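For reference, the structure discussed in these notes is given below.
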Amino acid sequence: MREKKVRYPRGSGIAVEEREGRISPFLVKWKLPDGKRAAKTFLTKGEALAYANERSRAFLNNGYAGLSFTPKEIQDWRAFRTIVGEEANLSDISRLWLEHNKYGNAELGTMIAQYLVHYEKSKPDAVEGLRHLRPVLVWLENFFGPKTQCASINYGDAQRLFDNFPARVTKTHTKQNYQKKVKGFFQYLAEREIIPKNKFSIVRMPTFAKSELAAGEILTVEQTKNLLWKTAEATEVEGYREIVGRLAVEAFTGMRSVTAGRLDNQAIDLKRKILDVNEIWDKKGRFYRLNEASTEKNLWSWLTFSCPHKWKARGEYEWKDLKRQAFTRMGFVENNPPHNCLRHTFATMHVSLHGDVGKTATSINHYGSLSTLKSNYLEKAVETTVAQTYFAIEPPVPLDAAAKSSE
């Protein structure tokens, strides 16, 4: 005789399933007040049915609250309801109380210390990253106080924090970095259910003023040539060929500065003219390949000059320092160096030369909106002849002399 199917209250989401091949094959499922599902496994069918019946009674007596709390907690809530008024909805009050208990204890100072330990363990270049992260978290802790409960910080507090950057933080790019690091910390708390939601994720980023955008974000042909030639002629600087090679990679492929700094001697095959970027090096964690067909020809002249077989991977901040020194040698002192200016210069020149935003997006490994590229670079497009001159910049030393000196 076929076994009669057990039915549970509509809306409770209670169900009993048997899954073969499991140590505890019987699964009881039910709904929680927030719409999510919970489940528990049992060794025998009798235990599973008994538990499901218990959940069913709790749901019939107390609604969704009965599926979230123990019988003792339900009794406590009944007593609480007599105080706040019988018209109060038990499910709504219990949901708020659950969040209060769940998120109400973690203090900001304690969680910052925990986050720093987590960051150091999870980041291979944590020593450099921590040097920039710590001042941000010190500012955050001093602003709210170490004893402040993390869950009590709301959207208004987040906005107030970003309206009061430290006095030394004046540039928009630095403010954006501060905001990203604070968002990262609160996202860490949200993912571990220390807080119910990352309120900092919806605060708008500071935007660049027109005067800041005009302060050298895009280099001229002469500035780019001066930067590369001055570096190529700085024979007294250790690794000057490697430095100029990385600068050329940024200038003539549009590669992100962080990624260009991480390339090592395995990245470039001069014989086949292939440049491979693996997932570890790429800032966005993607693999992509550049070859002779997808790049401008002068890139390979600079890479031959730079002896890439001698390169070693550079940390993000080590490469920033080397790059800053190169910009200083060519006389660039304002906003030194402009953030990702070589990438932006390449994109502007590439769009101007080819007139194809999609092709430029592919070249610079851009996975965002094409409208962003159009608004940023089509409006700043230069004459085609200027772009041609840009991609004709060659090393100052003849290639045969460069090859001999590298042997």
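The values are calculated or read from the model by the stated rules, or taken from the named source; none is laboratory data. What you are looking at is a predicted structure, and each value in this text was computed from that prediction instead of being measured. Note: ideal-geometry Cβ built from the backbone for every residue, glycine included; neighbour counts use all protein chains shown. Keep in mind that these areas ignore ligands, DNA and RNA; they rest on the heavy atoms of the full protein, side chains included. Shrake-Rupley method; radii C 1.70, N 1.55, O 1.52, S 1.80 Å.
Listed here are the residues, each with its yes/no results for (1) in contact with a Cys (Cβ under 9 Å, 6 or more places away or on another chain); (2) modelled with pLDDT of 90 or more; (3) closer than 30 Å to LYS123 by Cβ.
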residue	(1), (2), (3)
GLY315	no, no, yes
HIS366	no, no, yes
LYS374	no, no, no
VAL382	no, no, no
ALA387	no, yes, no
VAL397	no, no, no
ALA401	no, no, no
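Which residues, taken from segment 101-134, are in contact with an Asp or Glu (Cβ under 8 Å, 6 or more places away or on another chain), of a type in the set (D, E, K, R) and either within 15 Å of GLU316 (Cβ to Cβ) or modelled with pLDDT of 85 or more (or both)? Listed by number, the residues that qualify are ASP125, GLU128.
Selection of segment 185-212 for residues being under 17 Å from VAL117 (Cα atoms), open to solvent by 30 Å² or more (accessible area, probe 1.4 Å) and either at pLDDT 90 or above or not in a helix (DSSP H, G or I) (or both) yields GLN187, ARG192, ILE194. Taking LYS5 as meeting all but one of (1) modelled with pLDDT under 85; (2) charged (D, E, K, R); (3) under 30 Å from PRO196 (Cα atoms), write down the number of the exception. LYS5 satisfies every listed condition except (3). Restricting segment 238-261 to residues that are at pLDDT 90 or above and basic (Lys, Arg), the residue that is least open to solvent (accessible area, probe 1.4 Å) is ARG246. Restricting attention to segment 150-184 and to residues that are of a type in the set (D, E, K, R) and outside any helix (DSSP H, G or I), the residue that is surrounded by the most Cβ atoms within 10 Å (Cβ to Cβ) turns out to be LYS171.
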